[in-house]
Amino acid sequence: MPVKFSLRIAASVDPAMPFVYNEDLEIRIYRCDNSRCSSKTLMQTSTYGTGSKDYRSNGEMYITNFQTTKTPAQYLVEKWRPSNNFMIGSFTFKTVK
């Protein structure tokens, strides 16, 4: 399934909130092992590229392909700048039957 997200400048910095383009990100997708996701299992790491599990940008969104498990689960997506070990942000999503 495609996982899509956008990075934008905060409105307090630039009210136009322009899209942030960066080829140096690392996208980590974890399966949550409990409801609060305090325990998690790394399922995939995506870097910029042309491979099926790499991420790409269509100009307004980042997109990576992700193979979910066959049973419903909750996942955590973290966006990192690995050069300085800084997490930019995160979000969760759930799959259902």
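So the values come out like this:
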{"quantity": "Loop trypsin sites (Lys or Arg not before Pro), the stretch 1-81 (other Cβ atoms within 10 Å of the site Cβ: 16 or fewer; DSSP)", "calculated": "Arg36, Lys53, Lys70"}
{"quantity": "Using a Förster distance of 22 Å, the FRET efficiency for Lys70-Thr47 (Cβ separation, nearest 0.05)", "calculated": "0.25"}
{"quantity": "Percent carbon-and-sulfur accessible area, the chain, ignoring ligands, DNA and RNA, probe 1.4 Å", "calculated": "51"}
{"quantity": "Antiparallel DSSP beta bridges within the chain, as percent of all bridges there, nearest 5", "calculated": "95"}
{"quantity": "Pair-distance profile P(r), taking every C-alpha pair of the stretch 42-97, with 5 angstrom steps and integer %", "calculated": "4, 15, 23, 27, 20, 8, 2, 0"}
{"quantity": "Relative pair counts by distance (%), Cα atoms of the chain, 5 Å bins", "calculated": "3, 12, 22, 23, 19, 12, 7, 2, 0"}
{"quantity": "The chain: relative contact order as a whole-number percent, Cα under 8 Å and 6+ apart", "calculated": "27"}
{"quantity": "Relative contact order [Cα under 8 Å, 6+ residues apart], the stretch 1-53, whole percent", "calculated": "25"}
{"quantity": "Average accessible area per residue (Å²) across the chain - probe 1.4 Å, nucleic acids and ligands excluded", "calculated": "64"}
{"quantity": "Distance between the stretch 20-37 and the stretch 62-93 - C-alpha centres, whole angstrom", "calculated": "2"}
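The values are calculated or read from the model by the stated rules, or taken from the named source; none is laboratory data. Quantities reported herein were computed from a predicted structural model and do not represent experimental measurements. Virtual Cβ from ideal backbone geometry, glycine too; neighbours counted across all protein chains shown. What goes into the accessible areas is simple: the full protein's heavy atoms, side chains included, and nothing from ligands, DNA or RNA. Shrake-Rupley method; radii C 1.70, N 1.55, O 1.52, S 1.80 Å.
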